[in-house]
Amino acid sequence: MMMIADNIILPLMAGIILGTLFFGGLWLTVKKAVGSNYAALMISVSSLLRTGVVLVGFYFVAEGNWQRLLICVLGFITARFIMMWLTKSYDQKQLLLNKADPS
């Protein structure tokens with residue numbers, strides 16, 4: 001049982017966490033950059049930080065094992081779809097609230 005946790009569950013959860021950080025950070029960056037005078041700088045710095053965190057995370061999770069890396073990447077991709085669903089529903093709610101409040 002411990003082997004399953006070490007080789008499947010932990011890398012999968014780490015991938016989901018890394019993906020949530022990456023894609024959540026992307027969403028927040030785009031939201032903030034839209035009205036900023038420094039949009040290009042914000043997006044560039046955010047991209048470097050997010051990519052660096054994810055690559056370091058993949059390195060430590062994999063521990064030199066390609067199977068652990070693959071499972072981590074699957075978790076990362078899963079987080080992408082979760083974040084797409086969450087941000088889409090959030091944006092739709094915000095749009096409805098903005099239409100209901102004409103001020």
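The values are calculated or read from the model by the stated rules, or taken from the named source; none is laboratory data. Predicted, not measured: the structure shown is a model, and the values here were computed from it. For neighbour counting, all protein chains shown are included, and Cβ atoms are generated from backbone atoms with ideal geometry for every residue, glycine included. What goes into the accessible areas is simple: the full protein's heavy atoms, side chains included, and nothing from ligands, DNA or RNA. Shrake-Rupley method; radii C 1.70, N 1.55, O 1.52, S 1.80 Å.
Couple of notes before you dig in:
- For Gly57: the one exception among (1) small (Gly, Ala, Ser); (2) within 23 Å of Ser89 (Cα to Cα); (3) within 17 Å of the chain's Cα centre (by Cα): (2)
- Residue count for segment 65-76, restricted to those that are open to solvent by less than 100 Å² (accessible area, probe 1.4 Å) and either without any contact (Cβ under 8 Å) to a residue 60 or more places away in the chain or acidic (Asp, Glu) (or both): 4
- In segment 77-91, residue modelled with the lowest pLDDT [restricted to those that are out of contact with any Gly (no Cβ under 9 Å at 6 or more places or on another chain) and open to solvent by less than 70 Å² (accessible area, probe 1.4 Å)]: Asp91
- Inside segment 23-43, residues that are over 21 Å from Trp85 (Cβ atoms), open to solvent by 70 Å² or more (accessible area, probe 1.4 Å) and not charged (D, E, K, R) make up a count of 7.
- Answer from Ala14, Ala5 - the residue that is surrounded by fewer than 16 Cβ atoms within 10 Å (Cβ to Cβ) and either over 15 Å from Phe76 (Cβ atoms) or of a type outside the set (Phe, Trp, Tyr) (or both): Ala5
- Note on segment 44-64: residues that are surrounded by 12 or more Cβ atoms within 10 Å (Cβ to Cβ) and of a type in the set (A, V, I, L, M, F, W, C) amount to 7.
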